[in-house]
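Colleague: I'd like to ask you about the structure that follows.
The values are calculated or read from the model by the stated rules, or taken from the named source; none is laboratory data. Since this is a predicted model, take the numbers as computed values, not measurements. As a convention, Cβ positions derive from the backbone with ideal geometry for all residues, glycine included, and neighbour counts pool all protein chains shown.
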Amino acid sequence: MTLGLKRGTVALYPHETAWETQAAHTVCILKEILGDAAADIQHVGSTSIRAIKAKPIVDIAVAAYDFADVLKKKDALLEKGFYLRPSTLGDSQLLFACGSYYTGEGDLQTHFIHVVKKDSMDWRNYLNFRDYMNAFPAAAKRYEALKERLVAENPVDPGRERYTAGKHAFIQSILRRATVWSFLGENVHIEIDRPVGYVHKKETYALTYPLNYGYIPNVFGGDGEELDVYLPGEKKPLREADCRIIGAVHRKNDTEDKLIAAPEGKEFTTEEMENAVRFQEQWYETAVIPAWEKERFDALYES
C-alpha cells in the first residue's frame, strides 16, 4: 500500500482498496478512544472516492457533539499517534494529523482527522462530496483531471496552498449541487417564512406568493443562506411543514439552487412543478430536476 506524502509535495496515485481498509482501521481506533464524544466517524476525501487518483493521505471526518469533549481525549489520541494541529478553518474544526513528520522519525503525512460539529454543514459537506463523486463517475473524472493539472503545475507546494486553492471553485460547485441532490426523495421539516399570500415588495414591483415557501433550518445553499424550499399543494398559509422533497430547481444563472416539496399524499409531474415555481423562477434560467431522476442528476444539472 502507498500511504503518506512528504510535507509540501503533491502527488497522485491510482485508488487502492487498501486505503479503505486503512481508513476502516483508523475509524475503529478513533471510536474506541472518543466513545460517546463522537456521534459518527467516516472515511472522506479523495481516498474514499473509488474512481479517481488521490494523494495517499487518508482523511477521516468525526462528527462531535462538543469539541471540549474531544479535547479531553487529546492525550489518549496522542498515544495512538494523532497529533493536534492548528486548523485553517478556525473555530469550526479541530484537526489531528498522523505520520512520521509529526513523530520526528521522518517526513511523511499519512492521515488527517477533521473534527466538526454534528449536523453542521461541514459534516454534511464531507459526506455529500464523497457520496456525489462516487455516485457520478463523470463528475469524479472532471475532478481528477483538475487535480492532475494542478499537480503538474505545483509539484512542490509548501503547505499545498496553491493546490488547495486551485480546487476550491470546483469543490464549491460540486457541494452546491450535492446539497440539493442529497435531499431528493427525503422527508424533511421546513420552516415557512413566506406563506401563501405573502407579498415580497421590491423597488419596481411586488411579488405575491401563490404557495408556501420556506427553508430547511441549518442547511445552507450556494448563496450562503438557508436552503429554500417551494411547497405547492397546500392552499392555506403555513408556518412549518413536514414534507417530501420531490424535485430540485437548478438556477443556471444564479448562485443558488432550490428544492420543491410535496405535502403527504400529494404527487406532481415535472410540468406541474415547473408551473408551480414559475411565478418566481421566470426571472432565471431554470431547470427542474425531479426526484425520480436522481440517478441522472449530474448529467441533467450539466445540460
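Colleague: Out of all the residues in region 171-219, which are touching a His at 6+ places or on another chain (Cβ under 9 Å), closer than 19 Å to E281 by Cα and surrounded by fewer than 15 Cβ atoms within 10 Å (Cβ to Cβ)?
Modeller: Once the filter is applied, which keeps residues that are touching a His at 6+ places or on another chain (Cβ under 9 Å), closer than 19 Å to E281 by Cα and surrounded by fewer than 15 Cβ atoms within 10 Å (Cβ to Cβ), region 171-219 yields A206, L207, T208.
Colleague: Any residue in region 106-113 that is over 20 Å from E148 (Cβ atoms), in the same structural domain as E153 (by TED's automatic domain parsing), modelled with pLDDT under 95 and surrounded by fewer than 19 Cβ atoms within 10 Å (Cβ to Cβ)?
Modeller: Yes - at least one qualifying residue is present in region 106-113.
Colleague: In region 290-303, which residues are of a type in the set (G, A, S) and without any contact (Cβ under 8 Å) to a residue 60 or more places away in the chain?
Modeller: Step one: list which residues in region 290-303 are of a type in the set (G, A, S), which gives 291, 299, 303.
Of everything in region 290-303, just one residue is of a type in the set (G, A, S) and without any contact (Cβ under 8 Å) to a residue 60 or more places away in the chain, namely S303.
Colleague: Is there a residue in region 126-144 that is free of Cβ contacts under 8 Å to residues at least 40 places away in the same chain and in contact with a helix residue (DSSP H, G or I) (Cβ under 7 Å, 6 or more places away or on another chain)?
Modeller: Scanning region 126-144, I find no residue that is free of Cβ contacts under 8 Å to residues at least 40 places away in the same chain and in contact with a helix residue (DSSP H, G or I) (Cβ under 7 Å, 6 or more places away or on another chain), so the answer is no.
Colleague: Can you list the strands (runs of 3 or more DSSP E) lying wholly within region 1-93 that have 2 or more residues being in contact (Cβ under 8 Å) with a residue 12 or more places away in the chain and in contact with a His (Cβ under 7 Å, 6 or more places away or on another chain)? Give the steps one after another, and end with the answer.
Modeller: Details: elements: 38-44, 58-64, 83-85.
Where strands (runs of 3 or more DSSP E) fall fully within region 1-93 and carry at least 2 residues being in contact (Cβ under 8 Å) with a residue 12 or more places away in the chain and in contact with a His (Cβ under 7 Å, 6 or more places away or on another chain), they are 58-64.
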